[in-house]
């Protein structure tokens, strides 16, 4: 009888060992299968994401989740700003000697207009002897009919492009220089806020108060007034007394009292 009990006990223990071993093996198998499925799924997602990015960056950004999308938008925005501002490396300030002292800041396109930048740098560095003081003398308001097709397509004798001519003009005068070497940056349309040499190799310049398609690409644009400072330029022709020179051909509009200004660098390379 004892021998039989021992046999039964031994048999029962062996059965439990087999059950436990089978369960353990099953768990290991499930774990391995789960890991394999996860690996294959991750590999597939990465492959799909790469394919989408190569084909359509926008789709990849959307599918990567809101957080990643926000990060990508920030990067894209920053890159776009750097690209748009890559030419604007120095800010030239024109400080008008009026009460109160008024400043107009111009972003100089020194990459596209290195000759203008070199000339302006010389003027800034030699303020004691050159352009001391410089002068703003001409103020041409923007007529209400500017660009209207109801007027003749011309810039004289009451055409749609003036007079008056929608600009403020000055000169880097009182200098030993009468001319400045021109750069080859001549937009087909001078847009509002652009700063260009007045013509030829002149050291006179103007700020456009409106878009100017009528001239074509004859003027070298070397800078742009900062958008927040255009209200200052607009105020000059609206608030300062003007005089119309009717006997001139074309008719010109000047400030009754010219305004002097000094040059300086507002900032350096960004």
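What does the C-alpha gyration tensor say about the overall shape of segment 112-174? Classify as rounded when a/c is under 1.5, otherwise prolate if a/b is larger than b/c, or oblate. List each step's numbers first, then the result.
Working: a/c = 4.72, a/b = 2.54, b/c = 1.86.
Prolate, because a/c is 1.5 or more and a/b exceeds b/c.
So for each of 114-126, 247-259 I average, over its residues, the number of other beta carbons within 10 Å; can you give me the resulting order with the highest mean first? Could you put the intermediate results ahead of the total?
Numbers: 114-126: 17.5, 247-259: 14.5.
Ranked from most to least packed, the peptides come out as 114-126, 247-259.
Using only the Cα atoms of segment 88-267, what are the Rg and Dmax in Å?
15.7, 50
Kindly put 225, 237, 244 in sequence by how many other C-beta atoms sit within 10 Å of each C-beta, fewest to most. Walk me through the intermediate numbers first.
Numbers: 225 23, 237 20, 244 13.
Final ranking by Cβ density, sparse to dense: 244, 237, 225.
Can you sort 99, 231, 93 from fewest to most other Cβ atoms within 10 Å of each residue's own Cβ?
Details: 99 6, 231 9, 93 18.
Fewest-to-most Cβ neighbours within 10 Å comes out as 99, 231, 93.
Using only Cα positions of segment 152-249, each an equal point scatterer, no hydration layer, compute I(q)/I(0) via Debye at q = 0.11, 0.12, 0.17, 0.22 Å⁻¹ and quote the log10 values to two decimals.
-0.36, -0.43, -0.87, -1.32
Every read-out reported here was derived from the displayed coordinates using simple, explicitly stated rules and does not represent laboratory data. It should be emphasised that the depicted structure is a prediction, and the values quoted were computed from it without experimental measurement. Because the Cβ atoms are built from the backbone with ideal geometry, glycine has one as well, and the counts that use them run over all protein chains shown.
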